[in-house]
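Step one of this worksheet: look at the structure below.
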Amino acid sequence: MDITVQLRAQRIETPSWAYGNSGTRFKVFAQPGVPRDPYEKLADAAQVHRYTGIAPTVALHIPWDRVDDYAGLARHARELGVGIGAINSNVFQDDDYKLGSVTHPDARVRRKATDHLLECVDIMDATGSGTLKLWFSDGLNYPGQDDIRARQDRLAEALSEVYGRLGEGQRLLLEYKLFEPAFYATDVPDWGTAYAHCLRLGDRAQVVVDTGHHAPGTNIEFIVAFLLREGKLGGFDFNSRFYADDDLMVGAADPFQLFRIMCEVVRGGGLDPRSGVAFMLDQCHNIEPKIPGQIRSVMNVQEATAKALLVDRAALAVAQSSGDVLGANAVLMDAYNTDVRPLLASLREETGLDPDPMAAYARSGYFETIAAERVGGAQAGWGA
Ligand code: LRH
Ligand code: MN
């Protein structure tokens with residue numbers, strides 16, 4: 001398929017929480033013009049789609065995006081030219097979840113957590129979302145603190161109940177993370193654990209690869225290739241990091257890694273919209289302006305994808321099958337070292353977009369407008 005056709009079909013989902021204030025345990029820096037509610041977050045996300053043309057859906061996080069009328073919120077999104085994407089559960093910010101949520105030793109707490117996950121499926125019904133994204137902060141800080149195996153039993157039980165609640169066209173994505181907030185053992189720490197639980201659940205359970213959730217030195221593209229081969233890659237939480245779960249702009253810390261990941265996505269058929277792989281951003285713009293940060297991030301994924309699509313697959317196959325190690329590596333590096341910005345600029349022009357989304361957004365005056373209008377009220381944030 002022609003590269004421009006595949007690039008035009010690319011879809012990247014932005015996270016509602018990227019438009020709110022965020023930070024670290026040391027400080028959350030407020031910024032002018034930050035949204036005060038999910039409606040304003042959607043308006044900001046619509047700007048990212050307006051200038052990139054490939055970010056038509058927004059992931060929500062509950063309760064950060066709780067509203068009285070979810071169908072109304074979805075209508076508002078449509079009026080803005082975007083749609084509601086994945087619904088993210090949150091069982092990591094309630095005092096009851098100190099020792100775990102669905103893995104907690106106390107059945108009352110497990111019931112409370114599972115009911116929240118079921119509420120998120122109700123919200124999927126109301127918004128027309130087809131994807132439930134589950135991340136569990138559940139884990140241990142000290143050896144012996146709880147029974148590792150028993151916690152897996154509790155997790156499996158909750159997942160099975162939620163899986164059974166999914167309706168037509170709905171699926172659940174299970175996200176893993178090596179550590180934080182737990183610092184000894186995390187109940188879903190790696191792709192293998194997530195994969196095993198998803199296999200046990202069924203076809204509508206798949207794994208999310210958050211690019212910031214691995215031990216340093218992990219070959220993430222291998223995990224991507226493996227999960228794609230198994231039909232168990234549900235999607236990505238794209239971001240980048242230098243050290244831990246830094247949630248920086250995707251491709252900022254390691255553009256070559258992002259390219260290698262997109263090479264395996266292309267190779268495994270994951271770019272085909274029918275594959276169902278969700279390309280979501282999961283980032284926090286702690287110090288940089290948020291809407292431009294999202295625009296830049298979408299462009300980083302687009303550039304990595306264009307480079308991956310430029311890999312001369314035929315030449316690569318010949319070099320690989322003939323054991324031409326340097327030749328094969330050179331084929332990939334030729335694609336990586338290709339400047340795809342002119343190609344993407346002309347692609348935008350062909351689709352009626354400004355070739356330079358960042359400059360176009362800056363010229364629009366949107367930021368000045370929201371900075372002036374959004375005075376008063378409580379700015380959105382993680383509320384941790
Ligand atoms: C956990 C995580 C998860 C979200 C949260 C915002 O680190 O990656 O995907 O729920 O960030
Ligand atoms: Mn994530």
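For the chain, a Gaussian network of Cα nodes joined below 10 Å ranks ASN141, ASN21, ASN329 by mean-square fluctuation, and the top entry is ASN329. If you plug the beta carbon distance of GLU157 and THR24 into 1/(1 + (r/R0)^6) with R0 = 30 Å, you get a FRET efficiency near 0.30.
Counting only whole DSSP H helices of the chain, the ones at least 24 Å long by C-alpha along their axis and with mean Kyte-Doolittle hydropathy no lower than -0.5 are 107-127, 290-309.
Looking at the range 1-42, which trypsin sites (Lys or Arg not before Pro) are DSSP coil and have at most 10 other C-beta atoms within 10 Å of their C-beta? Answer in residue order: ARG25, LYS27.
Summarised in one figure, the compactness ratio Rg/Rh of the range 173-224, Cα atoms and Kirkwood Rh, is 0.97.
Taking every DSSP bridge with both residues inside the chain, close to 10 percent are antiparallel. A compact globular protein would have a Cα radius of gyration near 2.2 N^0.38 Å; the ratio found for the chain is 0.98. Applying Stokes-Einstein at 37 °C and 0.692 mPa s to the Kirkwood radius of the range 1-127, computed over alpha-carbon pairs, gives a translational diffusion coefficient of 201 µm² s⁻¹.
The label point for ALA196 and the one for ASP324, both projected 7 Å from the Cα toward the Cβ, are 4.3 nm apart. Between the listed residues ILE223, ILE3, PRO289, the Cα displaced farthest toward the positive end of the dipole of the chain, a dipole computed from Cβ unit charges relative to the Cα centre, is found at ILE3. The local environment of ASN88, defined by Cβ-Cβ distances under 10 Å, has a net charge of -3 under the rule Lys, Arg +1 and Asp, Glu -1. Annotation: amide H-H contacts under 5 Å for GLY83 (H modelled 1.01 Å from N, sequence separation of 5 or more, or interchain): THR57, VAL58.
Taking 0.36 nm per residue of separation and subtracting the current Cα-Cα distance, fully stretching the chain between TYR39 and ALA359 would add 112.7 nm. For the chain, the relative contact order comes to 21 percent (Cα pairs under 8 Å, sequence separation of at least 6).
Counting only DSSP beta bridges whose two residues both lie in the range 193-320, roughly 10 percent are antiparallel.
Note on THR338 and ALA9: with the Förster distance fixed at 22 Å, the Cβ-Cβ geometry gives a FRET efficiency of about 0.60. Near ASP282: Cβ cut-off under 13 Å, other residues only, Lys/Arg at +1 and Asp/Glu at -1. The net charge is -4. With the simple spin-label model, which puts each label point 7 Å out from Cα in the Cβ direction, the PHE222 to TYR243 separation comes to 2.6 nm.
Laboratory data are not the source of any read-out in this text; all were calculated from the coordinates shown. If you're wondering where the values come from, they're calculated on a predicted model, not measured in any experiment. Note that we place each Cβ from the backbone using ideal geometry, even for glycine, and neighbour counts take in every protein chain shown.
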